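Asker: Have a look at this one before I ask anything.
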Amino acid sequence: WSEANPGRYELVQGEVYAMAAERARRARTRVAVFDALRSAVRGAGVGCEAMPDGMTVRIDAHTAYEPDALIYCGPRLDPDAVEVKGSVVVVEVLSPSTRRTDASEKLVGYFRVPSIQHYLIVDPDRRMVIHHRRAGDRIETAFAQDGTSVLDPPGLTLSIPALFEEP
């Protein structure tokens, strides 16, 4: 459906929602996040790929999200793929209109996907990252404004300041 309709959408409990317009600060942060993830993947030499926004992560038959960036591991995606199976890291960059959903519904939804090990919520206003990590049958949460964050699996070290660099 989304391929035939211009714009960006998410499927939430069977209903299609158009995604809101984007502010410049959020757009710049989103680009910096993708660049930092791609750099971390390349630096680690792992069999993974960073993907920018626009790719879909299916939660279930009635819910599919488009994170602002993600990392998946495994075989290279088919060039015509729109969904990414096997995502290990998903990232959402906060905006005023998505703050509540990103921190609640999406947090629960993303961790329903067995392959997802890390969910990063990047706050461009506070220059802070909220890192949710799967730890057995629990989810651990850490807050960071500096230093690095370890994403293992897949074995990456991510620079927090790099997430906020101007493109």
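Asker: Can you tell me which residue within the range 13-34, out of those that are in contact with a Pro (Cβ under 7 Å, 6 or more places away or on another chain) and open to solvent by 50 Å² or more (accessible area, probe 1.4 Å), is modelled with the lowest pLDDT?
Answerer: Arg25
Asker: So, in the range 104-149, how many residues would count as being of a type in the set (A, V, I, L, M, F, W, C) and either modelled with pLDDT under 95 or touching a Lys or Arg at 6+ places or on another chain (Cβ under 9 Å) (or both)?
Answerer: 7
Asker: Sticking with this structure for a sec: Counting only residues that are under 20 Å from Gly147 (Cβ atoms) and not aliphatic (A, V, I, L, M), which one in the range 93-119 is farthest from the chain's Cα centre (by Cα)?
Answerer: Only one residue tops the list, namely Gln117.
Asker: Can you tell me which condition Val122 does not meet? The list is (1) within 14 Å of the chain's Cα centre (by Cα); (2) without any contact (Cβ under 8 Å) to a residue 60 or more places away in the chain; (3) within 13 Å of Val33 (Cα to Cα), and all the others hold.
Answerer: Evaluating Val122 over (1) within 14 Å of the chain's Cα centre (by Cα); (2) without any contact (Cβ under 8 Å) to a residue 60 or more places away in the chain; (3) within 13 Å of Val33 (Cα to Cα) leaves (2) as the failure.
Asker: Answer yes or no: is there a residue in the range 84-92 that is more than 18 Å from Val129 (Cα to Cα) and more than 14 Å from the chain's Cα centre (by Cα).
Answerer: Residues of the range 84-92 more than 18 Å from Val129 (Cα to Cα): 84-87.
Filter once more, keeping what is more than 14 Å from the chain's Cα centre (by Cα): none.
No: the range 84-92 contains no residue that is more than 18 Å from Val129 (Cα to Cα) and more than 14 Å from the chain's Cα centre (by Cα).
Asker: Determine whether Ala64 is open to solvent by less than 40 Å² (accessible area, probe 1.4 Å), closer than 20 Å to Leu151 by Cα and not in a loop (DSSP other than H, G, I, E, B).
Answerer: No, not satisfied.
Asker: State all residues of the range 104-123 that are surrounded by 15 or more Cβ atoms within 10 Å (Cβ to Cβ) and either touching a helix residue (DSSP H, G or I) at 6+ places or on another chain (Cβ under 6 Å) or assigned to a helix (DSSP H, G or I) (or both); if no residue qualifies, say none. It would help to see each step written out before you state the result.
Answerer: Looking only at the range 104-123, we keep the residues that are surrounded by 15 or more Cβ atoms within 10 Å (Cβ to Cβ), and these are 105-107, 109-111, 113, 115-123.
Passing the criteria: Glu105, Lys106, Leu107, Gly109, Tyr110, Ile116, Tyr119, Ile121, Val122.
Asker: Further question: Which one is surrounded by the most Cβ atoms within 10 Å (Cβ to Cβ), of the residues in the range 44-61 that are closer than 13 Å to Leu151 by Cβ and touching a residue at least 24 places away in the same chain (Cβ under 8 Å)?
Answerer: That would be Cys48.
Asker: What number of residues within the range 151-167 satisfy the criterion of being open to solvent by 70 Å² or more (accessible area, probe 1.4 Å) and over 13 Å from Ala36 (Cα atoms)?
Answerer: 1
Asker: Please find, among Arg134, Arg127, Arg99, Arg76, the residue that is exposed (fewer than 14 other Cβ atoms within 10 Å of the Cβ) and among the basic types (Lys, Arg).
Answerer: Arg76
Asker: Further, regarding this structure: What about Ala69, is it in contact with a strand residue (DSSP E or B) (Cβ under 7 Å, 6 or more places away or on another chain) and either open to solvent by 10 Å² or more (accessible area, probe 1.4 Å) or over 24 Å from Gly155 (Cα atoms) (or both)?
Answerer: Taking the combined requirement at face value, the residue does not satisfy it.
Asker: Pairs, please: C-beta under 6 Å, at least 6 apart or cross-chain, first residue closer than 17 Å to Ser115 by Cβ and free of Cβ contacts under 8 Å to residues at least 40 places away in the same chain and in the range 73-100, second of a type in the set (Lys, Arg) and open to solvent by 50 Å² or more (accessible area, probe 1.4 Å)?
Answerer: Listed pairs, sorted by first residue: Glu83/Arg58.
The values are calculated or read from the model by the stated rules, or taken from the named source; none is laboratory data. Every value quoted in this text rests on a predicted model; they were computed, and no experiment measured them. Virtual Cβ from ideal backbone geometry, glycine too; neighbours counted across all protein chains shown. For accessibility, only protein heavy atoms count, side chains too; no ligands or nucleic acids. Shrake-Rupley method; radii C 1.70, N 1.55, O 1.52, S 1.80 Å.
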